[in-house]
Structures are given as C-alpha cells and as structure tokens.
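Structure first, commentary second.
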Amino acid sequence: MPDVVVSLPVHDRLAAHAFYGAGLGLPLVDGDRTDDGLPEPLQHVLGAGVTLMLVPTDGFGWVLGDRAVAAPGTSETVLGLALDGAAAVDALAERAVVHGGTLVTDAAQQPWGYCATVADPDGHLWMLQAAAE
C-alpha cells in the first residue's frame, strides 16, 4: 500500500509549523532547510505511512490548475486525530490554541465520543476525538 500525503495550503510556514509541531505535537519530517530554517517540503507525520504537507498558498495553486484556492474559513474537509481520552482532548485543544490555533467547538461528549474542534492558523479544521466510553 502506498504512503498517504495530505496537502494543505498555508499562508505562513512558521505559524503553520508552530501549530502542527508544538501545538499538535506532530513530528517534523526533516529535510533540506530553506531561508526560514524549516525543511522544504514542510511535512509533519500524522501516523504510520501518513504525512501532512504544508504548501505555501502561492505554490499550492499550480496543483489546482484553474481551480481557486479556498478562502480562509472555507471548510470542505475536517481532519481528525484520535486520542486516548477526554483529558488528552482537553490538553491538546488547549495546547493547539496556545500555538496559534482557534477553538471552534468546545470539548464536549457527543454520541460518537468526546470531541473538540480547533482550526489551524489558516482555518483548516481538526477534530480532536476520544472514543465514546
């Protein structure tokens, strides 16, 4: 099975890296460093065989052809992280906000589990979820 790469457009590589690295605790994929001190391509590990590539918005356009990059705050996808309990959801949501994210929905028990939703600095949504107990 091939590896999976999820690509998201970002306006500020440093802000995106702070959110995904320090905020969500996702490991950085190392590589050749650019002038901003970060590897290019800028990628974080989501799990075994899955990485998140953060592409500057102006460079993201070439992949889209004649389609427009969605405006900040436009959501077509909600990405998710499965966590090990309500305390982990609460802690990660708080840490994500400290590192540039925005709390979109407060953590609460839902029929499918305990969840909170945070947005990264570019408005991409992440549901932080622990399985229903």
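Does T74 satisfy the condition of being modelled with pLDDT under 85, of a type in the set (S, T, N, Q) and out of contact with any helix residue (DSSP H, G or I) (no Cβ under 8 Å at 6 or more places or on another chain)? Yes; evaluated as a whole, the condition is true for this residue.
Pairs meeting the criteria (first residue in segment 106-133 and aromatic (F, W, Y), second residue in a strand (DSSP E or B) and surrounded by fewer than 16 Cβ atoms within 10 Å (Cβ to Cβ), beta carbons under 7 Å, at least 6 apart or on different chains) are W126/L79; W126/G80.
Only one entry of D36, D66, D32 meets the criterion of being of a type in the set (D, E) and in contact with a strand residue (DSSP E or B) (Cβ under 7 Å, 6 or more places away or on another chain), and that entry is D32. Considering the conditions (1) under 16 Å from the mean Cα position of the chain (by Cα); (2) part of a helix (DSSP H, G or I), A87 is excluded by exactly one of them, (1). Could you tell me whether any residue of segment 28-45 is part of a helix (DSSP H, G or I), touching a helix residue (DSSP H, G or I) at 6+ places or on another chain (Cβ under 9 Å) and buried (at least 18 other Cβ atoms within 10 Å of the Cβ)? The answer is no, given that none of the residues of segment 28-45 is part of a helix (DSSP H, G or I), touching a helix residue (DSSP H, G or I) at 6+ places or on another chain (Cβ under 9 Å) and buried (at least 18 other Cβ atoms within 10 Å of the Cβ).
All conditions in (1) modelled with pLDDT of 95 or more; (2) of a type in the set (G, A, S); (3) not in a loop (DSSP other than H, G, I, E, B) hold for A82, with the sole exception of (1). Pairs meeting the criteria (first residue in segment 6-24 and free of Cβ contacts under 8 Å to residues at least 60 places away in the same chain, second residue assigned to a strand (DSSP E or B) and of a type in the set (V, I, T), beta carbons under 8 Å, at least 6 apart or on different chains) are S7/V55. Which of the residues belonging to segment 77-100 are under 18 Å from W112 (Cβ atoms) and in contact (Cβ under 8 Å) with a residue 60 or more places away in the chain? L79, L92, listed by residue number.
For segment 83-124, a residue qualifies if it is crowded, with 18+ Cβ neighbours inside 10 Å, under 12 Å from F19 (Cα atoms) and of a type in the set (A, V, I, L, M), and the qualifying residues are L92, A93, A96, V118, A119.
The values are calculated or read from the model by the stated rules, or taken from the named source; none is laboratory data. Just so it is clear, the structure is predicted and the values come from calculations on it, not from any experiment. Please note: Cβ atoms are built from the backbone with ideal geometry, for glycine as well, and neighbour counts cover all protein chains shown.
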